[in-house]
Every structure is written in structure tokens, then in C-alpha cells.
Amino acid sequence: MCNAIAEQTPRGLRYHIALAGRRNVGKSSLINLLTEQQVSIVSAIKGTTTDTVAKAYELLPLGPVSLVDTAGLDDEGELGLQRVKASYRAIYRADMLIYVVDEHGITELDKQQILDFHDKEIPLLLVFNKLDISEPSPQDTLWCQQLALPHLVMSATEPARRLQLCQVLYDLAPAEHKAEPCLAADLYQAGETIICVAPIDSAAPKGRLILPQVQLLREALDQHAMAFVCQPQQLAHTLQQLTSAPALVITDAQAIKQVADIVPESIALTTFSTLFSRAKGDLAPLVAGADALDNLRDGDKVLIAEACSHNVQADDIGRHKLPQLIRQYSGKQVEFIVVAGHDFPDDLQPYALVLHCGACMFTRAEMIRRIRECQRRGVAITNYGVAIAKLQGVMDRVVMPLRHLL
């Protein structure tokens, strides 16, 4: 049952824990200990784990998690270096990192890696594994204390250590992960009404709603609010049927101009994508980044970043509609480059703007790191919902319900 819950929980709502370290320090054994299953192959041969291995699991008291086993960061050879790069990509997407060392203690390579992850603000727990062979040296313990680095001494071969490790992981998790995520619950009260406007076009999935719509509706039910769902052409009639004005109208960004013309200024209005930009990232830099749309020049490159792979329709928002809107708005010949899933360029300098989807399939940590990397490189970043509102001339109204975050 626990595994079923974890597997059914959307990837973006799971807490991602990556395990990293040199080859043969016991990363796979730790994953097997945490899951109480043979998830990863364990061998005394260095380099047994050659690719990242992810396991969805209900890890109490944390809840649904993804445990990610990575290849050794000291791997060698041309193929080994590719595996190391894949490990780094998995680590940079994680909410937390368990860095494992063995009976040889903290090597110079380990120190370099740990300091790098520390600088990138990746929450890190150092595990001194293989306690059955050797205890950590006083020098290693002192180094951890000087760095204020959380650490645990244990052996992955001792099942009794599992509960201790689980508790430490829970204690180190940020408060926002332990709390219920907020999409729009602070924008209305119990008993009030919200309207979700969900266009059904060729891009809409057959027989179901998209994840942001489902999560907003479920949140409304949990908050004891009344939620109505309609298409844009039904919105005016829906508003007329209500005996009192809704507290909030949330629409798909693609219909924002049509919806804004219908909804009175006295009613709060925003988009699913804008709400996710605050839940999954940081709204302020995404709103500021939309100003880059005013300064595009001929030949500029815009990176379209999608969190998930999907079948591309003729009217796909990221690959067709947004590029058309941007060219019309700017009057410039702009080049658009699309990346999907976990692909994200190491070099952002060629881009005048990064235009990101709502990131409903990402964890907050993953999206925050993308935003921070863009800021570090001096590259503007915004998201679909904010950008479309800007291009349609209604951005101020769309972000108004969330102005306390700006």
C-alpha cells in the first residue's frame, strides 16, 4: 500500500533524495536499507551502479519520496565521465543529498564535492557508512563540525539503523515540505466560491484534466470552498448563475485575454501557471523576467524549457503559440530553442530569455535551482502564464492576487 501511494503521487509532489559519493562506499546498500527492498544491485566491484536508479517509496515520517541512486563521482574513462555528469544532473534536481563515505573517511575528492554542493545550497547529510569496519577519524568529525555539516555514523548492513536514518532525514527536511503545499488556498476562505476556467482543445488530454487543474480543485475541496469548472465560452453564464461573486477566477493562461474581458475588475483573476510559479519556484524573479520581452532584438535566442515530454500538437503553447505571440509583440526575428524534461543547458549565455512552463512535474527545489542559475548567469527567466499575461497586456491584473509575494 505504501509503495502504491508513492508511485501514484505525482513526481513533482515527491521529496527527492539523491545518494552520492565515490564508487563502492555503500550508496546502493543504503537505498536497499531505506526501502527494505533489493532496489539496487550491491557488489564489492567498483562501478556496479552505472546509471541513476530512482525508486518511488513512502518513507515515513517524510511521506512519498523518490530515492535516487547515482554512479560513483570518482568514475573513470570516457564512459565513466558521462556517468558522472548524469549523477550531477540527478543531484542538482534533488531536494536533499545523502553523501556517503566509507571506512576510508573523507577524501580530498569528497571535500571538493561536499563544498561544491554546499555552495550550491543543496541540503546535505553526510553518512559515515561501514561503521562495522571503522569509525570516522577525529579529523573528519572536526571537519564536519567546522562546516556545521549534519552527519550520521552507521552501517547499511544493520537494519536497526534504518529508523534513525529516516528520522534524521525528516528532521533535516525544510518546513515547507512538511507543510501542505499552497497553490491558492490563501486567496479565498472556506465557504467561498472559485471558478476554474479549463479550455478543452486539441492539446487537452483525453478523458482527464491536467495536473494543475486537478490540484487546484482538490485544494479547494480540502479548504471547504465551492469550485466550479467551465470553458471560456461558458464563463459569462456561470458568473450570472452565482448568487454572489466568486472570490477568485483561475484560468488557463491561453484564455487569459478572453477571460479578463469577461471577469469584472472587482473579482480577483489569475492563471494556473502563475499560481504554480509561486508554488514551484519564486514569483518575483519570474515577474521581473517578463520585462525582457520588451527588449528583444533581431537574432536573440529564447530558450523554451518544458518540464515534461508530451505529444506536440499543432497549437502547442510552448512550441507554437508563445513564439507567435512573442514575434507579434516584439516585431523582432527571434530564434526559439526547445528543451524538455530534465535537459537544461549548462551554458545559458547565448539566451536573452528563458521561458519556462509551470513546472507542475518538477519539485520546488529543481525549479528554484533553475531560477537561481539564470540569475547567477544574468539571464532573465519567466514562465508561460506570466509571459502570456504580459504579452496580452493583463500581467498587472494576473499577479495582483499574489502581490504580497512581490
For residue 271, enumerate residues with amide H under 5 Å from its amide H, sequence gap 5+ or separate chain, H modeled in the peptide plane.
251
With every protein chain present, what accessible area does residue 98 have (1.4 Å probe, heavy atoms only), rounded to the nearest 10 Å²?
0 Å²
HN-Hα J couplings of region 63-70 from phi, Karplus 6.51/-1.76/1.60, θ = phi - 60°, integer Hz, Gly and Pro as x?
x, x, 9, 10, 9, 10, 8, 10
Once both labels are modelled 7 Å past Cα along the beta-carbon direction, what's the residue 324-residue 295 spacing in nm?
2.9 nm
From phi via Karplus (6.51, -1.76, 1.60), per-residue ³J(HN,Hα) for region 73-81 in Hz, x at Gly/Pro
6, 9, 4, 10, x, 4, 5, x, 5
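For the pairs 85/301; 55/85; 55/280; 280/390; 85/257; 85/332, note any where the Cα-Cα span goes beyond 31 Å.
Result: 85/257; 85/332 exceed 31 Å.
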I need the calculated FRET efficiency for the pair residue 104 and residue 222, taking r as the beta carbon distance and R₀ as 41 Å, to the nearest 0.05.
0.25
Loop-resident sites, region 103-195, for GluC sites (Glu not before Pro), counting at most 13 other Cβ within 10 Å (DSSP):
121
Through the Karplus equation 6.51 cos²θ - 1.76 cosθ + 1.60, θ set to phi - 60°, convert the phi angles of region 244-253 into ³J(HN,Hα) values in whole Hz; use x for Gly and Pro.
9, 5, x, 6, 7, 10, 10, 10, 4, 4
Going from most exposed to least, what order do 83, 297 have by accessible area with a 1.4 Å probe?
297, 83
How large is the Rg to Rh ratio of region 80-162 when both quantities use alpha carbon positions and Rh follows Kirkwood?
0.97
Given the options 30, 136, 400, identify the residue whose Cα lies farthest towards the positive end of the charge dipole of the chain (+1 on Cβ of Lys, Arg; -1 on Cβ of Asp, Glu).
400
Which residues qualify? For residue 193, with a placed amide H closer than 5 Å and at least 5 residues away or on another chain, they are 226, 247
Region 376-399 versus region 57-136: alpha-carbon centroid distance in Å
36 Å
Find the Rg to Rh ratio for region 13-157, where Rh is the Kirkwood radius over alpha-carbon pairs and Rg uses the same atoms.
0.93
Roughly what percent of Cα-Cα pairs across the chain reach past 35 Å?
35 percent
Skipping prolines and chain starts, which residues have an amide H placed within reach, meaning under 5 Å, of the one on residue 188, given they are 5 or more residues away or on another chain?
none
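The values are calculated or read from the model by the stated rules, or taken from the named source; none is laboratory data. Nothing here was measured: the structure is a model prediction, and the numbers come from that model. All Cβ positions, even for glycine, are placed from backbone atoms using ideal geometry, and neighbour counts span all protein chains on display. For the accessible areas, the whole protein counts, side chains as well, though only heavy atoms, and no ligand, DNA or RNA atoms are used. Shrake-Rupley method; radii C 1.70, N 1.55, O 1.52, S 1.80 Å.
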